[in-house]
Amino acid sequence: MKNSFASDNVSTACPAVMDAVIAANSGIAESYGDDIHTQNLNKQFSEIFETDVVVFPVVSGTAANALALSALTPSYGKVFCHEMSHINTDECAAPEFYTGGAKLISIASHDGKITADALDNMVRGAGNVHSAQPATLSITQSCEVGTVYQLEEIAAVASKAHEHGLNVHMDGARFTNGLVSLDTTPAEMTWKAGIDVLSFGGTKNGCLAAEAVVFFNPDQVNAFPFLHKRSGHLLSKMRFVSAQLEAYISNDVWLNNARNANQMAARLSRGLAKIDGVELAFPVQSNEIFACLPDTAIEQLNRAGFKVAAEELDGTAPPRFVAAWNTEAEEVDTLLAAVKDAMS
């Protein structure tokens, strides 16, 4: 079994990325981001986003999010986020640490998305010396529960954030899964909708270890190169991270990987919905499926090697199945048969 459906993190890196790492391992290269691969990223990302961007490679999604927020948020600031967001539930207070103590303000909703009205109701305290100051909104695309913000939803909540003087960050750990789900362009889903800074994810979708912080407004870069270095993510051999990103966004590798993951998730969700006693907790719009299962079924699936967690996202979500870039239909059907057996 190539995939246990526990996470897209457990899958292998895709061939194009591995080939790029091997090719980058030829000869010498300038260090600390002065290599040709890293220098090419600004141009390549600017082309796919249809505007001039500034790109900083990092090796984890946690670093991308925390560093992006540190560039946007003062130590006395507030970061508004969904209660199930990774920055709130899965990053061990890294955003608070990197920002120097900024306060996360969580917003609840059933579907993983923040609305403009919900944000409007939460923003308060601006100018009050006794209150942490509203600074940044962070949304996730695709969301932690597998749902996807529609373009008009991104635009509405970003517009409301900017109305309140907030910066807008997008956690794009599964950015491409959201992109192909909407069948839109990177530009339409980011800066054209009001996103200021993006954490661009590659690791979950076929990279070895490669993420990037993407600034759509060069004026917001400010001291970020120093934050990048101070965090330990300005790698001496950055070429091996940047080469992954180069290959990932070339020849539709990233798009094809995400399309397969989404298609396999759709196949799995259709099958699960037909099994008596299984209830899907959220609409399946990307590559994650959350399904309500009895403990006995979870135990049986774990014994069969599927590694199903009883609770996800700090216990706020039921068991999760995740399709990866290389998940095959036969693997989905094998899991479905195992679930059906466990539910009988």
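Rolling a 1.4 Å probe across the protein heavy atoms gives the chain an accessible surface of 42 Å² per residue. Compared with the alpha-carbon gap, the fully stretched path from residue 267 to residue 163 is longer by 33.4 nm at 0.36 nm per residue. A crude spin-label estimate for the pair residue 9 and residue 334, with each label 7 Å from Cα along the Cβ direction, gives 2.3 nm. DSSP bridge analysis restricted to the chain gives an antiparallel fraction near 45%, rounded to the nearest 5. Each label point was placed 7 Å from the Cα along the Cα-to-Cβ direction; for residue 128 and residue 280 their separation is 4.2 nm. Ignoring ligands, DNA and RNA, please state the percent of accessible area on region 8-60 from carbon and sulfur, probe 1.4 Å. Accessible surface attributable to carbon and sulfur in region 8-60 totals 52 percent. Heavy-atom accessible area for residue 233, with the other protein chains in place and a 1.4 Å probe, reaches approximately 20 Å². Kirkwood analysis of region 138-243, using all unique Cα-Cα pairs, places the hydrodynamic radius at 14.7 Å. Using a Debye calculation, one point per C-alpha and no hydration shell, please list log10 I(q)/I(0) for region 175-232 at q = 0.16, 0.20 Å⁻¹ in order. Debye curve over Cα of region 175-232, log10 I(q)/I(0) at q = 0.16, 0.20 Å⁻¹: -0.62, -0.87. Sites listed here are GluC sites (Glu not before Pro) in region 257-344 whose DSSP assignment is loop and whose Cβ has at most 16 other Cβ atoms within 10 Å: 311, 328. Using the beta-carbon distance between residue 150 and residue 231 and R0 = 45 Å, what value does 1/(1 + (r/R0)^6) give for FRET efficiency, to the nearest 0.05? Efficiency, from the Cβ-Cβ distance: 0.85.
Computed per residue of the chain from DSSP H runs no shorter than four, each worth -39500 (n - 2.57), the mean residue ellipticity at 222 nm is -12000 deg cm²/dmol. Taking the inverse of the mean reciprocal distance over all distinct Cα pairs, the Kirkwood hydrodynamic radius of the chain comes to 20.5 Å.
Just tell me which lysines come within less than 23 Å, Cα to Cα, of residue 274; anything on the same chain fewer than 8 places away is out. Once the sequence-local lysines are set aside, what remains near residue 274 is 307, 340.
Taking every alpha-carbon pair in region 216-344 and binning the separations at 10 Å intervals from zero gives 11, 31, 22, 21, 13, 2 percent.
The values are calculated or read from the model by the stated rules, or taken from the named source; none is laboratory data. This one's a predicted model, so the numbers in the text were calculated from it and none came from an experiment. Heads up, the Cβs are rebuilt from the backbone with ideal geometry, glycines too, and the neighbour counts pull from every protein chain shown. Keep in mind that these areas ignore ligands, DNA and RNA; they rest on the heavy atoms of the full protein, side chains included. Shrake-Rupley method; radii C 1.70, N 1.55, O 1.52, S 1.80 Å.
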